[in-house]
Amino acid sequence: MGFFDFLTEEIAIDLGTANTLIIHNDKVVVDSPSIVARHRTTGKIIAVGKEAAMMQGKTHENIKTIRPLKDGVIADFDASEKMLTMFIKEIPALKKKMFTPALRMVICIPSGITEVEMRAVKESAERVNGKEVYLIHEPMAAAIGIGVDIMQPKGNMIVDIGGGTTEIAVIALGGIVCDKSVKIAGDVFTNDIVYYMRTQHNLYVGERTAEKIKIQIGAATEDLEVPPDEMNVQGRDLLTGKPKQVNISYREIAKALDKSILRIEDAVMETLSQTPPELAADIYNTGIYLAGGGSMLRGLDKRLSQKTDLPVYIAEDPLRAVVRGTGITLKTLNRYKGILIK
């Protein structure tokens, strides 16, 4: 290995349904939407990441925007591989190199993933020059990223609400004791908003607009201490076919998301009910940690706290908690060898 060591670069990847993040040399070097724009006839990739995201919902028949990951797993193998390749090429430090270095990488995967889906992630990584590929379960990575010492004989509960899946896990002694992975997360929230706007306001909005609404005024409860301002939303009127604008308040979005959030609450309750008593005692003291973009939904922490009677903490940079944790395992591979999946 010795000689090749300096030819090997180490990267940590959070291959997410909504966003892909890559850490290299302790810095987040890639933070982009997981979207690819492909030319229909030639099959060439026109754009990835932010550029492709701008095209979403605005394409003509020769361009197609693809989200290669669905529900946290690879749905379009070819597109995901091309996307990874382009992202890795974007890393500044690797651009300078004459030839592509061999990569040692840690990639995080949802905990409810099947063998086949796991192999797809691994093969994608190997095809983009990954010589040593390790996988880590998302809730583990999130816990490490939040700063929990997962090797302790202490129970910690992590709820990671991503784009495709919500991962709920109780972690102790460097392992997952009980977990639940539900396919209700950011994407479903966005679709809830599209549906609500259509049924309540006869306004047809695109996915990008719905996502904007979610980020600007999205809420999990109707009683917020610091409510966000109302928002003007533009779309197409379903009755007249004309473009129109309506004014939306956060209360409406809370209504729109209520059912989905209930299902996340139920999943958390179910995981708590499967937790061994000793760990339940620990969790009573430590509370629940929230990570992932979905945890930034206003009032969600309060709502979960009321439901579970436990303190709920949001990670400081929830969108990056998972990739930070993945990066930490990469730095101290030997310490975390036991929890990584080879």
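Taken residue by residue, the range 154-171 has at least one member that is under 20 Å from Arg320 (Cα atoms) and in contact with a His (Cβ under 9 Å, 6 or more places away or on another chain). Cβ-Cβ distances below 6 Å connect the following pairs, each with a first residue in the range 291-309 that is within 18 Å of Ala143 (Cβ to Cβ), a second residue that is assigned to a helix (DSSP H, G or I), and a separation of six or more residues or different chains: Ala291/Ala142; Ala291/Ala321; Gly293/Gly186; Gly294/Gly186. If you go through the range 217-244 and keep only what is open to solvent by 100 Å² or more (accessible area, probe 1.4 Å) and not charged (D, E, K, R), you end up with Val226, Gln234, Leu239, Pro243. Taking the range 173-186 as the range and being surrounded by fewer than 20 Cβ atoms within 10 Å (Cβ to Cβ) and not in a strand (DSSP E or B) as the test, the residues that pass are Leu173, Gly174, Lys183.
Return the residue satisfying two criteria in turn: it lies in the range 75-99 and is open to solvent by less than 30 Å² (accessible area, probe 1.4 Å) and either among the hydrophobic types (A, V, I, L, M, F, W, C) or without any contact (Cβ under 8 Å) to a residue 40 or more places away in the chain (or both), and of such residues it is farthest from Asp14 (Cα to Cα). That would be Leu94.
Filtering the range 280-293 to residues that are of a type in the set (A, V, I, L, M, F, W, C) and open to solvent by 30 Å² or more (accessible area, probe 1.4 Å) leaves Ala280, Ala281. When each of Gly72, Gly43 is tested for being small (Gly, Ala, Ser) and more than 19 Å from Ile136 (Cα to Cα), the lone residue that passes is Gly43.
Residues in the range 199-214 that are among the charged types (D, E, K, R) and either under 9 Å from Gly235 (Cβ atoms) or touching a Lys or Arg at 6+ places or on another chain (Cβ under 9 Å) (or both): Arg208 alone. Here Gly130 does not fit the description of being surrounded by fewer than 24 Cβ atoms within 10 Å (Cβ to Cβ), closer than 23 Å to Ser273 by Cα and among the small types (Gly, Ala, Ser). So, in the range 187-210, of the ones that are open to solvent by 30 Å² or more (accessible area, probe 1.4 Å) and free of Cβ contacts under 8 Å to residues at least 24 places away in the same chain, which residue ends up farthest from Lys70 (Cα to Cα)? Out of the qualifying residues, it is Thr199. Screening the range 1-14 for residues that are open to solvent by less than 30 Å² (accessible area, probe 1.4 Å) and at pLDDT below 90 and picking the one that is nearest to the chain's Cα centre (by Cα) gives Glu9. Taking the listed residues Ala102, Ala169, Ala143, Ala120, the one that is touching a Cys at 6+ places or on another chain (Cβ under 8 Å) and not charged (D, E, K, R) is Ala169, with no other qualifying. Taken as a whole, the condition of being touching a strand residue (DSSP E or B) at 6+ places or on another chain (Cβ under 7 Å) and open to solvent by 30 Å² or more (accessible area, probe 1.4 Å) does not apply to Pro277.
Among the residues making up the range 131-182, those that are touching a residue at least 24 places away in the same chain (Cβ under 8 Å) and of a type in the set (S, T, N, Q) are Asn156, Thr165, Thr166, Ser181.
Taking the range 37-59 as the region of interest, how many residues are outside any loop (DSSP other than H, G, I, E, B) and open to solvent by 70 Å² or more (accessible area, probe 1.4 Å)?
Our first condition is that a residue be outside any loop (DSSP other than H, G, I, E, B); within the range 37-59, this holds for 37-39, 45-48, 50-55.
Checking the rest, the ones that are also open to solvent by 70 Å² or more (accessible area, probe 1.4 Å) come to 46, 50-51, 54.
Residues flagged as outside any loop (DSSP other than H, G, I, E, B) and open to solvent by 70 Å² or more (accessible area, probe 1.4 Å) within the range 37-59 amount to 4.
The values are calculated or read from the model by the stated rules, or taken from the named source; none is laboratory data. Worth saying up front: this structure is predicted, and the values here are computed from it rather than measured. Note that we place each Cβ from the backbone using ideal geometry, even for glycine, and neighbour counts take in every protein chain shown. Just the protein is used for accessible areas: all its heavy atoms, side chains included, with ligands, DNA and RNA removed. Shrake-Rupley method; radii C 1.70, N 1.55, O 1.52, S 1.80 Å.
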